[in-house]
1. Out of curiosity, is residue 31 in contact with a strand residue (DSSP E or B) (Cβ under 8 Å, 6 or more places away or on another chain), surrounded by fewer than 24 Cβ atoms within 10 Å (Cβ to Cβ) and modelled with pLDDT under 95?
2. Applying the selection to the stretch 39-58, what residues are part of a strand (DSSP E or B) and surrounded by fewer than 21 Cβ atoms within 10 Å (Cβ to Cβ)?
3. Name every residue in the stretch 221-242 that is farther than 11 Å from residue 121 by Cβ and either in a strand (DSSP E or B) or of a type in the set (Ser, Thr, Tyr) (or both), in order of residue number.
4. Being touching an Asp or Glu at 6+ places or on another chain (Cβ under 6 Å) and among the charged types (D, E, K, R): is that true of residue 200 here?
5. Among the residues of the stretch 123-140, is any closer than 28 Å to residue 279 by Cβ, touching a residue at least 12 places away in the same chain (Cβ under 8 Å) and in a helix (DSSP H, G or I)?
6. Restricting the search to the stretch 166-185, which residues are in contact with a Lys or Arg (Cβ under 9 Å, 6 or more places away or on another chain) and not in a loop (DSSP other than H, G, I, E, B)?
7. Quick check, is residue 218 touching a residue at least 60 places away in the same chain (Cβ under 8 Å) and out of contact with any Phe, Trp or Tyr (no Cβ under 7 Å at 6 or more places or on another chain)?
8. Among the residues of the stretch 71-97, write down those that are more than 27 Å from residue 190 (Cα to Cα), in contact with a strand residue (DSSP E or B) (Cβ under 9 Å, 6 or more places away or on another chain) and polar (S, T, N, Q).
Amino acid sequence: MRSAATVVLSSGLLLTASPLAAPAQAASRPIPSIAAKGGFVIDQTSAKAIYGKANDLRREMASTTKVTTAITVLTTPGLDLNRKVTIKQAYRDYVVREGGSTADLKTGDKLTVRQLLSALMLPSGCDAAYALADTFGTGSTTAARTASFIGKMNKKASQLGLKNTKYDSFDGISRAGANYTTPSDLAKLARHAFSSSVFREVVGATSYKTVALTKDSRKRTYTWYNTNRLLGSYKGAVGIKTGTGTKAGPCLIFAATRGDKTYVGVVLNSSARYTDAGKLLDFAFGSTTAKTMKLRSLPVGAQND
């Protein structure tokens, strides 16, 4: 098999310049059976495909969309992670209206872009996604800026050669159903995102506690817990993002590192996403860790996604 050629962007992120290699399995290991409707695993370094199921079948991806939200922000030229963003009531209203997952950002609070990235990726905050899209899009109105940001997300997908991926949403809540990807495209995107050290730091945390300033200059403490329960459960798990939707079903982008090997994978529409992820990582590593894996519990009241 030939690995995909790569070049390095000015941001330091990897850009795959040729299509992912077709899935291949080691003949000495049985191919795992997974509940997911689609799945894919690749080697982070070489982009070699390790496993594939329904590789190129388009599916909705729910909040795994937020990986693209994050990496679109992180590849913004001249990005200042300490830039302050003031939370608008519109962000909270949106979460209530759509029934979305939330970081419970308070109106008038000022959070840095770095803080918002954790609010986006750990509790899967749709309010944080809205704040980032409104901040990093262009235009004279919130609607124009968020539309502009979604355009940047689609430009990112095109830049990466993701021919079966499209976004109509900054957070995965899709009104028209035109927010879709495939297992192979999403794995390719995740590999690109995971080459960012800031992204890895954000998604690798099981929790994040931080202090923001309120509108009257007082301090407010936020604590967010990572909805990805593979972290702290599977040996070597280091990310990445959950997602759940009515049409998308439970989804998971996952990654694990052991020694000098890192594998990134995807399961879409799975009734057993963590078990599936464990099986696929075991297949990649040649281990049996998933058989005894006990999932990390989330605190009472923590977001689920």
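The values are calculated or read from the model by the stated rules, or taken from the named source; none is laboratory data. All values derive from a computational prediction rather than experimental measurement. Because the Cβ atoms are built from the backbone with ideal geometry, glycine has one as well, and the counts that use them run over all protein chains shown.
1. Working: in contact with a strand residue (DSSP E or B) (Cβ under 8 Å, 6 or more places away or on another chain): yes; surrounded by fewer than 24 Cβ atoms within 10 Å (Cβ to Cβ): yes; modelled with pLDDT under 95: yes.
The answer is yes for residue 31.
2. We begin by selecting, within the stretch 39-58, every residue part of a strand (DSSP E or B); these are 39-43, 49-53.
43 - this is the single residue of the stretch 39-58 that is part of a strand (DSSP E or B) and surrounded by fewer than 21 Cβ atoms within 10 Å (Cβ to Cβ).
3. Just the residues of the stretch 221-242 that are farther than 11 Å from residue 121 by Cβ, to begin with: 221-223, 225, 229-238.
If the condition is that a residue be farther than 11 Å from residue 121 by Cβ and either in a strand (DSSP E or B) or of a type in the set (Ser, Thr, Tyr) (or both), then 221, 222, 223, 225, 233, 234, 237, 238 are the ones that fit.
4. Working: touching an Asp or Glu at 6+ places or on another chain (Cβ under 6 Å): no; among the charged types (D, E, K, R): yes.
For residue 200, the condition - touching an Asp or Glu at 6+ places or on another chain (Cβ under 6 Å) and among the charged types (D, E, K, R) - is not met.
5. Residues of the stretch 123-140 closer than 28 Å to residue 279 by Cβ: 123-124.
When the remaining residues are screened for being touching a residue at least 12 places away in the same chain (Cβ under 8 Å), the result is 123-124.
In the following step, the residues that additionally are in a helix (DSSP H, G or I) were identified as none.
No: the stretch 123-140 contains no residue that is closer than 28 Å to residue 279 by Cβ, touching a residue at least 12 places away in the same chain (Cβ under 8 Å) and in a helix (DSSP H, G or I).
6. Residues satisfying the conditions are 166, 180, 181, 183, 185.
7. So residue 218 fails the test.
8. Selection gives 86 alone.
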